[in-house]
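Colleague: I am attaching a structure below and will ask some questions about it afterwards.
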Amino acid sequence: MGADADRDGTVDDRVAAGSDDAQLVSSDLVRGATAPATGRAVVAVGVADDDDADPLLLGQDPDATARMQDADFDPADTLDPDREVEELELSRCALTISVQTSRIDVSLIAGRGEVVAAQRIPASSLAVDADADSIFDMLIGSVDSVLHAVGIEPDEATALPGIGVVTTGRIDSAGGTVSPPGLPAWQAFPLRDKLSDHYQLAVKLLSSAAAVCAGEHWRGAARGRRSALGLVLGNGIDGAVVIDGRFVGGTTGNAGHIGHVCVDPYGPACACGGRGCLEAVAGGAAIAEWARTHGGTDPSADAAEVAEAARRGDPVALATFRRAGEAIGQAVAGVVTLLDLDVVVVGGPLIAAGPVLFDPIADGYHRFAALGYAAPARVVPALLGRDGGQIGAAAAVLEPAVYPVG
Ligand SMILES: [Zn+2]
């Protein structure tokens with residue numbers, strides 16, 4: 001995730017399926033099955049937006065499952081919360097850690113992308129005055145709890161192939177540091193080495209866009225597709241690409257930064273220093289700003305609220321999303337024409353807007369994808385919901401040849 005996309009730290013907070021997913025599920029504690037072969041408690045997990053909810057969250061995201069069933073998916077590949085896992089093959093399980101602005105999620109993800117156990121450190125525990133080491137200690141406690149939930153002692157963790165970390169904010173790949181916005185104690189924090197030293201495991205560090213793209217290609221909407229663009233729409237816009245079945249990083253690891261592709265050379269100035277970048281036209285912050293300056297009824301509305309107004313038929317909000325969606329379609333058409341992709345998967349909180357966003361994207365896409373090979377590519381919503389980033393981080397650990405990232 002580029003620094004611009006996260007500069008306010010909100011991109012991945014509600015990543016992938018958007019706030020609609022947030023209705024959770026369940027705060028019941030025990031809905032797992034005990035695997036007879038190992039005695040390990042197998043815990044299916046969902047997601048909550050409620051930081052006050054019990055941090056050990058169980059159940060499966062029903063929206064994500066519904067979306068999977070809507071698509072042409074093999075039902076055997078959907079995530080079934082009631083499925084009993086006969087035995088966890090530790091060499092095919094990845095620990096994942098998702099560092100977001102307001103929470104840290106820890107999961108154990110198995111080889112088909114199943115989240116088998118998880119725990120959340122909520123915002124209320126990440127107090128602004130907490131120091132770096134105490135947050136790290138909290139994280140270690142959560143990782144140990146997740147391991148314990150499936151019958152793994154911390155000193156057995158070396159049986160796992162590694163840890164995948166997905167984070168908002170700037171990543172320094174060389175130094176292994178993270179700088180999640182909203183977590184001041186963890187600016188340039190050397191998370192990779194500290195985790196690696198503690199658990200004696202390899203640690204992969206991924207941006208949100210890279211992780212969402214890898215997750216959607218491994219187990220989501222782009223599964224089985226040869227070449228795909230994954231796009232994350234939040235306040236910022238970012239992306240990543242898979243070409244010929246392999247995740248592509250580019251020269252500096254920044255391939256896919258679609259948010260800073262120009263869609264209007266006379267458009268608004270962008271935080272990157274450019275002009276008319278997709279993010280400056282169609283990112284969440286730009287959407288809120290355009291609605292506010294074009295007669296939006298609620299001048300303080302954020303992009304999610306503008307989307308709600310659009311769904312109610314508000315003409316300014318509809319025009320705002322039409323402008324943004326067509327710009328996204330234009331940019332995506334350029335990428336597909338350049339790279340000859342099969343599918344474009346759109347995730348991030350803004351996809352909760354639904355047809356008021358996707359219809360203009362389709363219109364913009366078909367207007368600008370003029371060449372015959374580009375026209376049939378599909379632009380589809382992400383399937384994996386808020387787990388998508390962690391599932392992508394697991395992909396980087398479990399399938400490093402396909403997803404050589406981190
Ligand atoms: Zn820019």
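The values are calculated or read from the model by the stated rules, or taken from the named source; none is laboratory data. Keep in mind it's a predicted model, so treat the numbers as computed, not measured. FYI the Cβ positions are ideal-geometry reconstructions off the backbone, even for glycines, and counts take in every protein chain you see.
Colleague: For segment 238-260, which residues satisfy the criterion of being buried (at least 20 other Cβ atoms within 10 Å of the Cβ) and within 15 Å of the ligand (Cβ to nearest atom)?
Modeller: Passing the criteria: 238, 239, 256, 257, 258, 259, 260.
Colleague: Suppose the filter is under 18 Å from residue 208 (Cβ atoms), touching a helix residue (DSSP H, G or I) at 6+ places or on another chain (Cβ under 7 Å) and within 16 Å of the ligand (Cβ to nearest atom); does residue 235 pass it?
Modeller: Judged against the criteria, residue 235 is a match.
Colleague: Scan 313, 334 and give me the residue that is in a loop (DSSP other than H, G, I, E, B) and at pLDDT 95 or above. Write out each step before concluding.
Modeller: Working: 334 fails: in a loop (DSSP other than H, G, I, E, B).
The match here is 313.
Colleague: Here is a check on your reading of the model: is residue 185 in contact with an Asp or Glu (Cβ under 6 Å, 6 or more places away or on another chain), modelled with pLDDT under 95 and part of a helix (DSSP H, G or I)?
Modeller: yes
Colleague: Determine which single condition residue 264 fails, assuming it passes every other condition in (1) part of a helix (DSSP H, G or I); (2) within 12 Å of the ligand (Cβ to nearest atom).
Modeller: Looking at each condition in turn, residue 264 falls short on (1).
Colleague: Any residue at all in segment 209-230 that's among the polar types (S, T, N, Q) and either touching a Phe, Trp or Tyr at 6+ places or on another chain (Cβ under 6 Å) or under 30 Å from residue 377 (Cβ atoms) (or both)?
Modeller: Yes; the residues of segment 209-230 include at least one that is among the polar types (S, T, N, Q) and either touching a Phe, Trp or Tyr at 6+ places or on another chain (Cβ under 6 Å) or under 30 Å from residue 377 (Cβ atoms) (or both).
Colleague: For residue 307, are the conditions met, namely being at pLDDT 95 or above, farther than 24 Å from residue 342 by Cα, away from the ligand (no atom under 16 Å from the Cβ) and crowded, with 17+ Cβ neighbours inside 10 Å? Explain how you work it out, then say what you get.
Modeller: On the way: at pLDDT 95 or above: yes; farther than 24 Å from residue 342 by Cα: yes; away from the ligand (no atom under 16 Å from the Cβ): yes; crowded, with 17+ Cβ neighbours inside 10 Å: yes.
So residue 307 passes the test.
Colleague: Now for a different question. Of everything in segment 261-294, what is over 21 Å from the mean Cα position of the chain (by Cα) and either under 12 Å from residue 237 (Cβ atoms) or surrounded by 21 or more Cβ atoms within 10 Å (Cβ to Cβ) (or both)? Give them in sequence order.
Modeller: Within segment 261-294, 263, 270, 271, 272, 277, 281, 288, 290, 291 qualify.
Colleague: Within the bounds of segment 283-296, is there any residue that is within 12 Å of the ligand (Cβ to nearest atom) and either closer than 18 Å to residue 230 by Cβ or without any contact (Cβ under 8 Å) to a residue 24 or more places away in the chain (or both)?
Modeller: Yes, segment 283-296 contains a residue that is within 12 Å of the ligand (Cβ to nearest atom) and either closer than 18 Å to residue 230 by Cβ or without any contact (Cβ under 8 Å) to a residue 24 or more places away in the chain (or both).
Colleague: Here is a further query. May I ask you to verify whether residue 326 is part of a helix (DSSP H, G or I), in the same structural domain as residue 244 (by TED's automatic domain parsing) and within 16 Å of the ligand (Cβ to nearest atom)?
Modeller: Spelling it out, it is not the case that residue 326 is part of a helix (DSSP H, G or I), in the same structural domain as residue 244 (by TED's automatic domain parsing) and within 16 Å of the ligand (Cβ to nearest atom).
Colleague: In segment 252-296, how many residues are modelled with pLDDT under 95, on the phi < 0 side of the Ramachandran plot and in contact with a helix residue (DSSP H, G or I) (Cβ under 7 Å, 6 or more places away or on another chain)?
Modeller: So the answer is 2.
Colleague: Moving on. Restricting attention to segment 104-125, report how many residues are of a type in the set (Asp, Glu) and at pLDDT below 95.
Modeller: Qualifying residue count, segment 104-125: 1.
Colleague: For segment 371-399, which positions are farther than 17 Å from residue 108 by Cα and touching a residue at least 12 places away in the same chain (Cβ under 8 Å)? Explain how you work it out, then say what you get.
Modeller: Applying the first criterion (farther than 17 Å from residue 108 by Cα) to segment 371-399 yields 371-383.
Those that are farther than 17 Å from residue 108 by Cα and touching a residue at least 12 places away in the same chain (Cβ under 8 Å): 371, 373, 374, 377, 378, 379, 380, 381, 382, 383.
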